[in-house]
1. Quick one: would you say Ala75 is farther than 23 Å from Leu173 by Cβ, at pLDDT below 95 and surrounded by 20 or more Cβ atoms within 10 Å (Cβ to Cβ)?
2. Can you tell me which residue within segment 73-91, out of those that are free of Cβ contacts under 8 Å to residues at least 24 places away in the same chain and either under 25 Å from Glu117 (Cβ atoms) or part of a loop (DSSP other than H, G, I, E, B) (or both), is nearest to ligand 1 (Cβ to nearest atom)?
3. Considering (1) closer than 15 Å to Glu61 by Cβ; (2) not in a helix (DSSP H, G or I), say which one Ile105 fails and leave the rest.
4. Identify all residues within segment 39-87 that are within 15 Å of ligand 2 (Cβ to nearest atom), of a type outside the set (Lys, Arg) and more than 30 Å from Gly159 (Cβ to Cβ); write none if there are none.
Amino acid sequence: MPGDSNAQPTNNGVQKKPFLTDIKIIRDRARQHISDGAVTSGYSADRAKVIELLNTALATEIVCTLRYRYHYYMASGIHAKSVAAEFLEHAQEEQAHADLIAERITQLGGKPNFNPEGLATRSHAEYVEGDSLVQMIEEDLVAERIAIDSYREIAQFIGQDDPTTRRLMEQILAMEEQHAEDLSTMLDDLGKKGEPAAAPLSAKTLGKH
Ligand SMILES: [Fe+2]
Ligand SMILES: [Fe+2]
């Protein structure tokens, strides 16, 4: 019938695949699930699992914020001004990451877990104080490397199912890589890079297979 919106135009007899779901279906779905907020029927990820993963990332960011903040005050106390400034900057950036993750959890209809009970267990990275400036930087570097690996895994797990969350985790991942680079440079500057550290293999060794 002429004017039928469902009819698919043909080109040389080949039936074209509809590019987008009919706009009316999308609008109807949006109205039916209005209480789901930003989550629409087209959302194909396992929402509960994504929220759970985001809560582990949130715990990681909170623990990293606390650890960097502790290191900031300790380094300030031993007059290591430039290192202390770097710790403070990282602490503030980890806090910003925590806020972005908490915001995304609420967009997905979940609850950001800020409960101090079990925080260290939920976090992938650890809270290690360190006894010297070098130890503090090394512990921060270890924590960043843990965050880098776990965020990469989260992004890969989400894949194409939730592009917004994946992009958020990739954006944070890029900043953690920058943090790790900053810390590595700080160790270099302190002349400690290359001395025996806790990890048996350096990133460079691992990268060469
Ligand atoms: Fe972070
Ligand atoms: Fe970081």
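1. Values: farther than 23 Å from Leu173 by Cβ: yes; at pLDDT below 95: yes; surrounded by 20 or more Cβ atoms within 10 Å (Cβ to Cβ): yes.
Here the answer is yes, as Ala75 does meet what is asked.
2. Within segment 73-91, the first condition is being free of Cβ contacts under 8 Å to residues at least 24 places away in the same chain, and the residues that meet it are 73, 76-77, 79, 81-82, 84-85, 88-89.
Retained after the next criterion (residues that are either under 25 Å from Glu117 (Cβ atoms) or part of a loop (DSSP other than H, G, I, E, B) (or both)): 73, 79.
Details: Tyr73: 19, His79: 27 Å.
Taking the candidates together, the pick is Tyr73.
3. Every condition holds for Ile105 apart from (2).
4. Within segment 39-87, Leu66, Tyr68, Tyr70, His71, Tyr72, Glu86, Phe87 qualify.
The values are calculated or read from the model by the stated rules, or taken from the named source; none is laboratory data. On a predicted model such as this, the values are computed, not experimentally measured, just so you know. With ideal geometry, Cβ positions are generated from the backbone for all residues, glycine too; neighbour counts draw on all protein chains shown.
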